[in-house]
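Heads up: the structure comes next, in C-alpha coordinates.
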Amino acid sequence: MAVPIKDGQQTSIVLMLALPRTLDEFIVAAEDEISMEQSEQTFLKQFHLSAIPEDSIYYLIGPRELIEAKPCSVDDRIQWFLSNEYYKEATNCAITHKDDLVETTVAEVGRKMIENLVEKNDFETAASYLSIICGKHKEEWEYYVQLFEKYGQVLKLVPYLPQKQPQLEPECYESVLTSALYCKSELFLKLIILLPSDLYRIGAIIQQTLGRLKSQLSREDRIFIIQALARLFAFERQYDKALTLFLQLKDTGIFSFIRQYHLFSSVKNRVVELMEINADLAIRLLLDHETEIADFKTIVPQLSKMPRIQMEYLNQLISRGEGYEYADLLEI
(Lines give C-alpha, C1' and ligand atoms only; values in the text may rest on other atoms or scores of the structure.)
Protein backbone atom coordinates (compact mmCIF):
# COMPACT_ATOMS: atom_id res chain seq x y z
CA MET A 1 0.00 0.00 0.00
CA ALA A 2 1.42 3.38 -1.00
CA VAL A 3 1.89 5.97 1.72
CA PRO A 4 1.06 9.61 0.91
CA ILE A 5 3.93 12.07 1.04
CA LYS A 6 3.35 15.09 3.26
CA ASP A 7 4.18 18.56 2.06
CA GLY A 8 7.81 19.39 2.68
CA GLN A 9 8.76 15.81 3.54
CA GLN A 10 12.18 14.77 2.19
CA THR A 11 11.94 11.50 0.28
CA SER A 12 13.99 9.40 -2.07
CA ILE A 13 13.49 6.30 -4.19
CA VAL A 14 15.30 3.19 -2.92
CA LEU A 15 15.61 0.23 -5.26
CA MET A 16 16.44 -3.08 -3.53
CA LEU A 17 17.11 -6.54 -4.94
CA ALA A 18 16.49 -9.34 -2.42
CA LEU A 19 17.80 -12.90 -2.69
CA PRO A 20 16.36 -15.77 -0.63
CA ARG A 21 18.61 -17.38 1.95
CA THR A 22 16.06 -19.75 3.49
CA LEU A 23 12.29 -19.96 3.45
CA ASP A 24 12.15 -17.29 6.13
CA GLU A 25 15.26 -15.20 5.45
CA PHE A 26 16.67 -13.13 2.63
CA ILE A 27 19.65 -10.92 2.01
CA VAL A 28 19.78 -7.65 0.16
CA ALA A 29 21.91 -8.40 -2.90
CA ALA A 30 21.81 -4.85 -4.23
CA GLU A 31 20.52 -1.52 -2.99
CA ASP A 32 20.61 1.95 -4.47
CA GLU A 33 19.10 5.28 -3.52
CA ILE A 34 17.88 7.12 -6.58
CA SER A 35 16.99 10.81 -6.88
CA MET A 36 14.04 11.40 -9.19
CA GLU A 37 12.09 14.50 -10.00
CA GLN A 38 8.79 15.02 -8.18
CA SER A 39 9.30 12.08 -5.85
CA GLU A 40 8.50 14.36 -2.93
CA GLN A 41 5.14 15.29 -4.42
CA THR A 42 3.76 11.97 -5.51
CA PHE A 43 2.71 8.54 -4.36
CA LEU A 44 4.99 5.52 -4.73
CA LYS A 45 2.49 3.90 -7.06
CA GLN A 46 3.43 6.41 -9.72
CA PHE A 47 6.82 4.71 -10.10
CA HIS A 48 7.13 1.51 -12.11
CA LEU A 49 9.79 -1.10 -12.91
CA SER A 50 9.90 -2.53 -16.43
CA ALA A 51 12.39 -4.79 -18.13
CA ILE A 52 13.69 -6.43 -21.27
CA PRO A 53 14.73 -9.70 -19.58
CA GLU A 54 16.48 -11.25 -22.58
CA ASP A 55 18.86 -8.28 -22.67
CA SER A 56 19.12 -8.01 -18.86
CA ILE A 57 18.04 -4.37 -19.07
CA TYR A 58 15.66 -2.83 -16.54
CA TYR A 59 13.90 0.53 -16.42
CA LEU A 60 12.70 2.55 -13.45
CA ILE A 61 9.97 4.83 -14.76
CA GLY A 62 8.77 7.94 -12.95
CA PRO A 63 6.42 10.76 -13.86
CA ARG A 64 9.17 12.68 -15.65
CA GLU A 65 12.16 10.32 -15.82
CA LEU A 66 13.26 6.95 -17.08
CA ILE A 67 16.34 5.34 -15.53
CA GLU A 68 18.05 2.39 -17.20
CA ALA A 69 19.65 -0.29 -15.01
CA LYS A 70 22.07 -2.96 -16.21
CA PRO A 71 23.63 -5.86 -14.29
CA CYS A 72 26.70 -4.82 -12.38
CA SER A 73 30.04 -6.55 -12.91
CA VAL A 74 31.39 -9.21 -10.58
CA ASP A 75 33.77 -6.63 -9.12
CA ASP A 76 30.85 -4.24 -8.49
CA ARG A 77 28.88 -6.98 -6.79
CA ILE A 78 31.80 -7.95 -4.58
CA GLN A 79 32.43 -4.34 -3.64
CA TRP A 80 28.79 -3.97 -2.65
CA PHE A 81 28.95 -7.12 -0.50
CA LEU A 82 32.07 -5.81 1.22
CA SER A 83 30.68 -2.33 1.82
CA ASN A 84 27.67 -3.94 3.51
CA GLU A 85 29.87 -6.36 5.52
CA TYR A 86 28.68 -9.51 3.75
CA TYR A 87 32.19 -10.94 3.79
CA LYS A 88 31.34 -14.60 3.19
CA GLU A 89 29.05 -13.72 0.29
CA ALA A 90 31.80 -11.54 -1.19
CA THR A 91 34.35 -14.32 -0.87
CA ASN A 92 32.04 -16.98 -2.29
CA CYS A 93 31.22 -14.68 -5.20
CA ALA A 94 34.93 -14.10 -5.86
CA ILE A 95 35.64 -17.83 -5.74
CA THR A 96 32.77 -18.68 -8.09
CA HIS A 97 33.68 -15.96 -10.60
CA LYS A 98 37.45 -15.85 -10.11
CA ASP A 99 38.10 -15.84 -13.88
CA ASP A 100 35.93 -12.73 -14.31
CA LEU A 101 37.65 -10.61 -11.68
CA VAL A 102 39.40 -7.47 -12.95
CA GLU A 103 39.79 -5.09 -10.02
CA THR A 104 40.42 -7.58 -7.20
CA THR A 105 41.46 -11.19 -6.49
CA VAL A 106 40.16 -14.09 -4.44
CA ALA A 107 43.09 -13.62 -2.04
CA GLU A 108 42.29 -9.94 -1.44
CA VAL A 109 38.58 -10.52 -0.87
CA GLY A 110 39.25 -13.60 1.23
CA ARG A 111 41.65 -11.73 3.45
CA LYS A 112 38.92 -9.27 4.43
CA MET A 113 36.64 -12.18 5.35
CA ILE A 114 39.36 -13.95 7.35
CA GLU A 115 40.19 -10.77 9.25
CA ASN A 116 36.49 -10.33 10.04
CA LEU A 117 36.22 -13.93 11.28
CA VAL A 118 39.34 -13.48 13.39
CA GLU A 119 37.78 -10.41 15.00
CA LYS A 120 34.82 -12.64 15.90
CA ASN A 121 37.15 -15.38 17.24
CA ASP A 122 35.77 -17.80 14.66
CA PHE A 123 39.12 -19.36 13.80
CA GLU A 124 37.71 -22.73 12.75
CA THR A 125 35.61 -21.21 9.97
CA ALA A 126 38.51 -18.98 8.97
CA ALA A 127 40.87 -21.95 8.72
CA SER A 128 38.39 -23.93 6.62
CA TYR A 129 38.49 -21.28 3.88
CA LEU A 130 42.27 -21.04 3.60
CA SER A 131 42.79 -23.84 1.09
CA ILE A 132 40.51 -22.05 -1.38
CA ILE A 133 41.71 -18.53 -0.60
CA CYS A 134 45.44 -19.27 -0.56
CA GLY A 135 45.58 -22.03 -3.16
CA LYS A 136 49.23 -22.64 -4.06
CA HIS A 137 50.40 -19.19 -2.98
CA LYS A 138 53.11 -19.80 -0.40
CA GLU A 139 53.23 -16.20 0.84
CA GLU A 140 49.50 -16.19 1.58
CA TRP A 141 49.75 -19.38 3.62
CA GLU A 142 52.69 -18.05 5.60
CA TYR A 143 50.84 -14.80 6.32
CA TYR A 144 47.95 -16.72 7.87
CA VAL A 145 50.23 -19.02 9.86
CA GLN A 146 51.70 -15.90 11.47
CA LEU A 147 48.23 -14.42 11.99
CA PHE A 148 46.87 -17.55 13.70
CA GLU A 149 50.06 -17.88 15.75
CA LYS A 150 49.64 -14.29 16.93
CA TYR A 151 46.27 -15.22 18.45
CA GLY A 152 47.42 -18.59 19.80
CA GLN A 153 45.21 -20.49 17.34
CA VAL A 154 47.79 -22.05 15.02
CA LEU A 155 46.58 -25.60 15.80
CA LYS A 156 43.34 -24.79 13.97
CA LEU A 157 45.43 -24.97 10.79
CA VAL A 158 46.46 -28.61 11.26
CA PRO A 159 43.79 -30.16 8.97
CA TYR A 160 44.51 -27.67 6.18
CA LEU A 161 48.22 -26.85 6.23
CA PRO A 162 49.82 -27.89 2.91
CA GLN A 163 52.89 -30.12 2.85
CA LYS A 164 53.74 -29.55 -0.79
CA GLN A 165 52.53 -27.33 -3.61
CA PRO A 166 53.28 -25.20 -1.76
CA GLN A 167 55.76 -26.37 0.84
CA LEU A 168 56.09 -23.64 3.45
CA GLU A 169 59.15 -22.45 5.31
CA PRO A 170 60.25 -24.77 8.18
CA GLU A 171 59.26 -22.14 10.75
CA CYS A 172 55.59 -22.58 9.82
CA TYR A 173 55.56 -26.30 10.60
CA GLU A 174 57.72 -25.75 13.67
CA SER A 175 55.17 -23.24 14.94
CA VAL A 176 52.45 -25.89 14.72
CA LEU A 177 54.63 -28.59 16.32
CA THR A 178 55.70 -26.33 19.18
CA SER A 179 52.12 -25.33 19.92
CA ALA A 180 51.07 -28.99 19.97
CA LEU A 181 54.04 -29.87 22.19
CA TYR A 182 52.89 -27.40 24.85
CA CYS A 183 49.12 -27.68 24.42
CA LYS A 184 48.20 -31.13 23.06
CA SER A 185 50.90 -33.74 23.58
CA GLU A 186 48.93 -36.54 21.90
CA LEU A 187 48.52 -34.38 18.79
CA PHE A 188 52.25 -33.64 18.93
CA LEU A 189 53.00 -37.36 18.72
CA LYS A 190 50.57 -37.80 15.83
CA LEU A 191 52.14 -34.91 13.94
CA ILE A 192 55.65 -36.29 14.43
CA ILE A 193 54.45 -39.60 13.01
CA LEU A 194 52.49 -38.13 10.10
CA LEU A 195 54.46 -35.06 8.99
CA PRO A 196 57.44 -35.72 6.70
CA SER A 197 60.54 -34.93 8.74
CA ASP A 198 62.06 -32.83 5.96
CA LEU A 199 59.41 -30.13 6.51
CA TYR A 200 61.00 -28.87 9.73
CA ARG A 201 64.36 -28.69 11.48
CA ILE A 202 64.51 -31.88 13.50
CA GLY A 203 67.28 -30.64 15.78
CA ALA A 204 65.27 -27.57 16.74
CA ILE A 205 62.23 -29.66 17.65
CA ILE A 206 64.39 -32.09 19.64
CA GLN A 207 65.70 -29.20 21.74
CA GLN A 208 62.16 -27.89 22.28
CA THR A 209 61.05 -31.38 23.31
CA LEU A 210 63.92 -31.91 25.74
CA GLY A 211 63.10 -28.55 27.30
CA ARG A 212 59.44 -29.49 27.64
CA LEU A 213 60.33 -32.74 29.42
CA LYS A 214 62.04 -30.72 32.16
CA SER A 215 58.72 -29.18 33.16
CA GLN A 216 56.03 -30.74 35.32
CA LEU A 217 53.85 -33.04 33.19
CA SER A 218 51.13 -35.60 33.71
CA ARG A 219 52.21 -39.21 33.23
CA GLU A 220 50.17 -39.46 30.04
CA ASP A 221 51.65 -36.28 28.55
CA ARG A 222 55.17 -37.40 29.42
CA ILE A 223 54.65 -40.74 27.67
CA PHE A 224 53.34 -39.10 24.49
CA ILE A 225 56.24 -36.66 24.41
CA ILE A 226 58.90 -39.32 25.02
CA GLN A 227 57.38 -41.47 22.27
CA ALA A 228 57.63 -38.49 19.94
CA LEU A 229 61.20 -37.77 21.04
CA ALA A 230 62.21 -41.36 20.28
CA ARG A 231 61.00 -40.94 16.71
CA LEU A 232 62.76 -37.60 16.39
CA PHE A 233 66.03 -39.23 17.44
CA ALA A 234 65.42 -41.92 14.82
CA PHE A 235 64.93 -39.25 12.14
CA GLU A 236 68.34 -37.88 13.18
CA ARG A 237 69.80 -41.42 13.01
CA GLN A 238 70.47 -41.38 16.75
CA TYR A 239 69.10 -44.88 17.04
CA ASP A 240 70.68 -45.80 20.37
CA LYS A 241 68.96 -42.84 22.05
CA ALA A 242 65.68 -43.79 20.42
CA LEU A 243 65.94 -47.41 21.57
CA THR A 244 66.78 -46.31 25.11
CA LEU A 245 63.58 -44.24 25.26
CA PHE A 246 61.41 -47.08 23.95
CA LEU A 247 62.94 -49.44 26.50
CA GLN A 248 62.44 -46.86 29.24
CA LEU A 249 58.74 -46.66 28.37
CA LYS A 250 58.41 -50.41 27.91
CA ASP A 251 56.56 -49.53 24.75
CA THR A 252 55.58 -52.43 22.48
CA GLY A 253 56.09 -50.07 19.56
CA ILE A 254 59.78 -50.86 19.92
CA PHE A 255 59.37 -54.08 17.94
CA SER A 256 57.97 -52.44 14.83
CA PHE A 257 60.52 -49.65 15.33
CA ILE A 258 63.40 -52.16 15.30
CA ARG A 259 62.06 -53.75 12.12
CA GLN A 260 61.42 -50.41 10.43
CA TYR A 261 64.96 -49.14 10.94
CA HIS A 262 66.70 -52.56 10.85
CA LEU A 263 68.17 -52.06 14.31
CA PHE A 264 68.70 -55.76 14.91
CA SER A 265 72.38 -55.56 15.84
CA SER A 266 71.61 -52.83 18.40
CA VAL A 267 69.44 -55.12 20.54
CA LYS A 268 71.46 -58.32 20.62
CA ASN A 269 72.61 -57.57 24.18
CA ARG A 270 69.22 -56.22 25.31
CA VAL A 271 67.19 -59.38 24.92
CA VAL A 272 66.09 -59.46 28.57
CA GLU A 273 64.73 -55.90 28.32
CA LEU A 274 62.78 -56.83 25.20
CA MET A 275 61.32 -59.87 26.96
CA GLU A 276 60.20 -57.70 29.86
CA ILE A 277 58.20 -55.56 27.44
CA ASN A 278 56.45 -58.42 25.62
CA ALA A 279 57.88 -61.94 25.58
CA ASP A 280 55.79 -63.17 22.64
CA LEU A 281 56.76 -60.27 20.39
CA ALA A 282 60.39 -60.49 21.50
CA ILE A 283 60.63 -64.22 20.73
CA ARG A 284 59.04 -63.68 17.33
CA LEU A 285 61.55 -60.91 16.58
CA LEU A 286 64.50 -63.09 17.65
CA LEU A 287 63.38 -66.05 15.55
CA ASP A 288 62.49 -63.99 12.48
CA HIS A 289 65.82 -62.16 12.49
CA GLU A 290 68.15 -64.68 14.07
CA THR A 291 71.00 -64.03 11.66
CA GLU A 292 70.79 -60.24 12.10
CA ILE A 293 70.42 -60.19 15.91
CA ALA A 294 72.20 -63.20 17.39
CA ASP A 295 72.02 -66.98 17.14
CA PHE A 296 70.37 -69.05 19.84
CA LYS A 297 73.72 -69.83 21.50
CA THR A 298 73.92 -66.14 22.44
CA ILE A 299 70.25 -65.78 23.34
CA VAL A 300 69.74 -68.80 25.63
CA PRO A 301 72.34 -67.74 28.27
CA GLN A 302 70.78 -64.26 28.46
CA LEU A 303 67.47 -65.88 29.45
CA SER A 304 68.92 -67.97 32.28
CA LYS A 305 67.15 -65.87 34.93
CA MET A 306 63.84 -66.07 33.05
CA PRO A 307 63.25 -69.86 32.99
CA ARG A 308 59.66 -69.79 31.76
CA ILE A 309 60.46 -67.45 28.90
CA GLN A 310 63.63 -69.42 28.17
CA MET A 311 61.53 -72.58 27.93
CA GLU A 312 59.07 -70.93 25.53
CA TYR A 313 61.92 -69.69 23.36
CA LEU A 314 63.50 -73.18 23.26
CA ASN A 315 60.16 -74.84 22.44
CA GLN A 316 59.73 -72.63 19.40
CA LEU A 317 63.39 -73.00 18.48
CA ILE A 318 63.29 -76.82 18.61
CA SER A 319 60.02 -76.86 16.63
CA ARG A 320 62.12 -75.30 13.84
CA GLY A 321 64.71 -78.06 14.13
CA GLU A 322 67.31 -76.06 16.06
CA GLY A 323 68.73 -75.89 19.58
CA TYR A 324 68.57 -79.61 20.44
CA GLU A 325 71.72 -79.24 22.53
CA TYR A 326 69.60 -77.27 25.02
CA ALA A 327 66.84 -79.86 25.20
CA ASP A 328 67.83 -80.78 28.76
CA LEU A 329 66.72 -77.32 29.87
CA LEU A 330 63.17 -78.32 28.97
CA GLU A 331 63.12 -81.15 31.46
CA ILE A 332 61.17 -80.42 34.61
- Query: Say we look at segment 231-281 and pick out the residues that are surrounded by fewer than 15 Cβ atoms within 10 Å (Cβ to Cβ), under 20 Å from residue 193 (Cβ atoms) and small (Gly, Ala, Ser); which of these is modelled with the highest pLDDT?
  - Reply: 256
- Query: Checking residue 88 against (1) more than 30 Å from residue 47 (Cβ to Cβ); (2) in contact (Cβ under 8 Å) with a residue 60 or more places away in the chain, which single condition isn't satisfied?
  - Reply: (2)
- Mind checking which residues of segment 222-281 are assigned to a loop (DSSP other than H, G, I, E, B) and either in contact with a Pro (Cβ under 6 Å, 6 or more places away or on another chain) or acidic (Asp, Glu) (or both)? 236, 251
- Task: Consider only pairs whose beta carbons are under 6 Å apart and that are at least six residues apart or on different chains; among these, list those whose first residue lies in segment 294-315 and is under 14 Å from residue 282 (Cα atoms) and in the same structural domain as residue 274 (by TED's automatic domain parsing) and whose second residue is among the small types (Gly, Ala, Ser) and assigned to a helix (DSSP H, G or I).
- Result: 309/279
- What about residue 102, is it buried (at least 17 other Cβ atoms within 10 Å of the Cβ) and not hydroxyl-bearing (Ser, Thr, Tyr)? no
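The values are calculated or read from the model by the stated rules, or taken from the named source; none is laboratory data. Here the structure is a predicted model, which means the values were calculated and not measured. Backbone-built Cβ (ideal geometry, glycine too); neighbour counts: all protein chains shown.
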